[in-house]
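Sending over a structure as structure tokens; questions will come in a sec.
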Amino acid sequence: MSGPSDNPLLDGRVVIGLSAVVVAIQEDDAVVLTVRPPGASAEGLPFGPFDPQGHRTFELAMRAFVTQQTRFTLGYVEQLYTFGDKGRDAPLADMGPVSGNAQPGHARVISVGYLALATAAVDTHAPGSEWRPWTRFFPYEDWREGRPPAMVLIEEALWRWADGDPQRMARVRLHFALDGSPWNEERVLERYELLYEAGLAREAARDRGEAATALPAPLAAALGEPMLSDHRRILATAVSRLRGKLKYRPVVFELMPEAFTLSALQRAVEAIAGVPLHKQNFRRALERADLVQGLGRMDAETGGRPAELYRFRREILGARPVSGLSLPLLRD
């Protein structure tokens, strides 16, 4: 039988870190709430260690961290994923100094991520806290104006890394839509982890204790900014989850105000999915799904012809199975 010193759960060598990906729509962009702790070299997500003595549940602790660090109160929340890999070539979690017997660098960190959706990117007025477009961290994920020109630089760097290896080349083609492979907007996490494995994500050198290789400025910009700890991996997971969930749950309405135009709804969906949608087909799909209802009044603040305001028929959630939104792509 193992004694207390053989069990990491008993001797304090396991730390549970809680992180929150808080998403809103701001000026037709999907934005995420970030924090920059004093002295930190990069931005991160609201986060903190779970205290089994002081916190009743993971979610309550996470909500408290977000409010404490950003002065923002969460609404819709769901658990995203638990990152507990040991010895895997993946971004390393770091909670900084921890309480108890665990020492920084010796504790195994289990990261529990949450996804939270907000109807507005309310100014938090908290020092070091900002709403950032998630394209700041994944610029190659925005295909609303077509294939990003910067993808050329990423492709060249990945081909150099693949160096003719068939398995590596196949993964590059699949995840980054090369040589005729279709773009799959839901593969955000796979793309980031491939860049990490290739040493192109700047977190990779940090986690391996190596000096960061200076990348040409255009390539560095194309790859996006690094984040604290394993937060960019958690953010990539959240973007993947939300993009997939659009299609089978009406989750986008958790990001919309009570009254909205159909154009604003389409722009919000496009901002999340990162792809352009066919306007008429999108509206036909909305009509078939019977998810929205006209309010009989117009929005005069559209800057052009007044558009009718709609609301989400939230009452149907308890009345029948409700699917998500069809994403009819705009084809050239």
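Where a number appears in this text, it was derived from the coordinates with a stated rule and is not lab data. The structure presented is a predicted model; accordingly, all values stated were derived computationally and were not measured. Backbone-built Cβ (ideal geometry, glycine too); neighbour counts: all protein chains shown.
If r is the Cβ-Cβ distance from R108 to W159 and R0 is 35 Å, what FRET efficiency results, to the nearest 0.05? Each step should come with its number before you reach the end.
Values: r = 36 Å, r/R0 = 1.02.
Taking R0 as 35 Å, the efficiency between R108 and W159 is 0.45.
Using modelled amide H (1.01 Å from N, peptide plane; none on Pro or chain starts), what sits under 5 Å from the amide H of A20, excluding residues fewer than 5 places away?
The list, which skips near neighbours in sequence, is Y114.
Report the full-extension gain for the segment R56 to E78: residue separation times 0.36 nm, less the Cα-Cα distance, to one decimal in nm. Intermediate values should be presented prior to the final figure.
Numbers: separation 22, 0.36 × 22 = 7.92 nm, distance 1.69 nm.
Full extension from R56 to E78 adds 6.2 nm.
Using the Cα atoms of the chain to build a convex hull, what is its mean projected area in square nanometres? Walk me through the intermediate numbers first.
Values: hull surface 85.1 nm².
For the Cα atoms of the chain, the hull's average projected area reads 21.3 nm².
Turning to a different aspect of this structure: Please state, rounded to one decimal and in Å, the Kirkwood hydrodynamic radius that segment 139-224 gives when every pair of distinct Cα atoms enters the mean of 1/r.
On the way: mean 1/r = 0.0748 Å⁻¹.
So the Kirkwood estimate lands at 13.4 Å.
Enumerate the amide H contacts of L277 below 5 Å, restricted to partners 5 or more residues apart or on another chain; note that Pro and chain-start residues carry no placed amide H.
When sequence neighbours closer than 5 places are left aside, the close amide H contacts are L330.
What does segment 258-318 give for Rg and for Dmax, in Å, if only its C-alpha atoms count?
Computed over the Cα atoms of segment 258-318, radius of gyration and Dmax are 12.1, 37 Å.
While we're here: Just report the Cα centroid separation between segment 196-230 and segment 140-193, whole Å.
Centre-to-centre (Cα) distance: 17 Å.
Loop only per DSSP, at most 13 neighbouring Cβ atoms within 10 Å: give me the GluC sites (Glu not before Pro) in segment 123-223, ordered by residue number. Spell out each step's value before the answer.
Details: sites: E130, E141, E145, E155, E156, E185, E186, E190, E193, E197, E203, E210; in loops: E145, E185, E186, E210.
Of the GluC sites (Glu not before Pro), the ones in loops of segment 123-223 whose Cβ has at most 13 other Cβ atoms within 10 Å are E145, E210.
Round to the nearest 10 and give me the degree value, 0 to 90, for the angle of helix 166-176's Cα axis relative to the longest principal axis of the chain.
40
For E43, what is the net charge nearby, where nearby means another residue's Cβ is under 12 Å from its Cβ and Lys, Arg count +1, Asp, Glu -1? Intermediate values should be presented prior to the final figure.
Numbers: positive: R36, R132, R136, R232; negative: E130, E225.
Value of the local net charge: +2.
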